[in-house]
Amino acid sequence: MSITARRTKAGKTYYFVRVKSGRELIATKAFDTKRDAEAWERDQKHRSETGLPPPPKRTYSLQELVDEFLAARASGNPHTIDTDRHNIAALPTTLLRRPLASIHSGDIRTHLLRQLQVKKPSTVAREKTTLSALFTFAAEQGLLHQAHPVRTMKKIPELGAAAQRAISPKDVPSAARVVSALASVRERRSDIADVFEFMSLTGIRWGEARALRVDALAEVPFAQLVVTRSHSDRYLEKETKTWRGTRTLPLSPRALELFRRHSLGKSPGDYLFTNHFGDQLSAAVVNKFPLGFERHALRHYAASTWLRLGTPVNEVAEYLGDDPRTVLTVYAHILGEGQRRAHAERLAAAEACEEAGDTWGTPGAIPGPKSSPVSS
């Protein structure tokens, strides 16, 4: 290792550090100050003495890191692999061609902000998660010799946990819209409409509906749906995302009617919802019957309906298989809607009493039954 002082054509002094392994030159770096050059040289010496890998060559690109990362994860969960490939595919070619050593937090933040212009925050948040795993892999392999570009990145408010989970009223279809959409689908395929309606009544996900068996019904002490598995298209069946594992939720009379209709003549281990040939339903077929809104919105519709009916948050969370804190975040506008409605009703009652001349209708007073006169 050596540090040499050099000058630019403009006469400015800089310090050039060379790192060798035996006779092979493996890394070089220039610094504006001698102190920074010496610190970097000490770090490289420590790495050499402790067996830590030296930094990659300056020509080692981000694309090369991506290739190694995907190859290392090739034996993992197929769904995760596909998600990683999809998220990384969003990286621009200009960034992939650059040396890994030149990639910093500002580059990643700029990329994610551009993605937010055309994608939902939840989608971009998943891309951020993949990129964080990518650079963590680089650090574990001794390839990352700068600060972690994702962990040290200035926060993007839209990608915060609360922001990406929250949904707006427009994301939840109204009851009239759901009824209209189901009627439209029912005119073409009543069995597909039944699946959608069942999802709107139970809040189960598409993969969970697809994996339901006839034995998923528990009728003692009352009718309940037992959700244990999920089966996304093209992937192996697995446990649900439910944070506590298996979950049960009460069935309404209409949901129970749909369940029994589709379980008629089937064995306990048979799929509940099947196509005309008795085979498991696929998204390719179901997608031919659009609702006019995202299929996952049926889950939001179910949860919103339960909350509007006064179902406690912890129960709604249990039926959805979510953490109560998540429900509070995602459906905050529904909970606030009820509070605002109650407030409006109190205001209306107070004004009505004020017009009638009741003293308890004055501002700040608490509405209550009018006292009857007491004779002395």
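The values are calculated or read from the model by the stated rules, or taken from the named source; none is laboratory data. Since the structure is predicted, the reported quantities are computational estimates derived from the model, not experimental observations. All Cβ positions, glycine included, derive from the backbone under ideal geometry; neighbour counts span all protein chains shown.
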_Looking at the structure I just gave you, is Gln141 surrounded by 13 or more Cβ atoms within 10 Å (Cβ to Cβ), of a type outside the set (Ser, Thr, Tyr) and at negative phi?_
yes
*Taking the stated definitions as given, is Ser263 over 25 Å from the mean Cα position of the chain (by Cα) and among the polar types (S, T, N, Q)?*
yes
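Here is a yes/no grid of residues against (1) modelled with pLDDT of 85 or more; (2) touching a His at 6+ places or on another chain (Cβ under 9 Å); (3) in the same structural domain as Pro99 (by TED's automatic domain parsing); (4) surrounded by 12 or more Cβ atoms within 10 Å (Cβ to Cβ):
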site	(1), (2), (3), (4)
Ala37	yes, no, no, yes
Glu41	no, no, no, yes
His46	no, no, no, no
Pro55	no, yes, no, yes
Val66	yes, no, yes, yes
Ala71	yes, no, yes, no
Ala74	yes, no, yes, no
Asn77	no, no, yes, yes
Thr83	yes, no, yes, yes
*Taking the stated definitions as given, is Thr123 surrounded by fewer than 17 Cβ atoms within 10 Å (Cβ to Cβ), among the hydroxyl-bearing types (Ser, Thr, Tyr) and touching a residue at least 24 places away in the same chain (Cβ under 8 Å)?*
no
*Scanning segment 41-98 for residues that are outside any helix (DSSP H, G or I) and small (Gly, Ala, Ser), which turns out farthest from the chain's Cα centre (by Cα)?*
Gly51
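With Val226, Val179, Val214 as the choices, which residue is closer than 23 Å to His262 by Cβ and surrounded by 16 or more Cβ atoms within 10 Å (Cβ to Cβ)?
Answer to the check: Val214.
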*Is there a residue being part of a helix (DSSP H, G or I), more than 27 Å from Arg325 (Cβ to Cβ) and of a type outside the set (S, T, N, Q) anywhere in segment 117-124?*
no
_Exclusive hit being in contact with a strand residue (DSSP E or B) (Cβ under 9 Å, 6 or more places away or on another chain), assigned by TED's automatic domain parsing to the domain that holds Thr83 and touching a residue at least 40 places away in the same chain (Cβ under 8 Å), set Ala133, Ala101_ = Ala101
*Would it be correct to say that Lys288 is within 29 Å of Asp323 (Cβ to Cβ) and surrounded by fewer than 15 Cβ atoms within 10 Å (Cβ to Cβ)?*
no
*Within segment 319-367, which residues are of a type outside the set (Asp, Glu), modelled with pLDDT under 70 and on the phi < 0 side of the Ramachandran plot?*
Thr359, Trp360, Gly361, Thr362, Pro363, Ala365, Ile366, Pro367
*In segment 93-113, which residue that is touching a Pro at 6+ places or on another chain (Cβ under 8 Å) and not acidic (Asp, Glu) is surrounded by the fewest Cβ atoms within 10 Å (Cβ to Cβ)?*
His104
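Conditions tested, residue by residue: (1) among the hydroxyl-bearing types (Ser, Thr, Tyr); (2) closer than 22 Å to Leu328 by Cβ.
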| site | (1), (2) |
| --- | --- |
| Asp233 | no, no |
| Ser267 | yes, no |
| His276 | no, no |
| Val316 | no, yes |
_For Thr329, only one of the following conditions fails: (1) more than 18 Å from Met199 (Cα to Cα); (2) touching a strand residue (DSSP E or B) at 6+ places or on another chain (Cβ under 7 Å); (3) surrounded by 15 or more Cβ atoms within 10 Å (Cβ to Cβ). What is its number?_
(2)
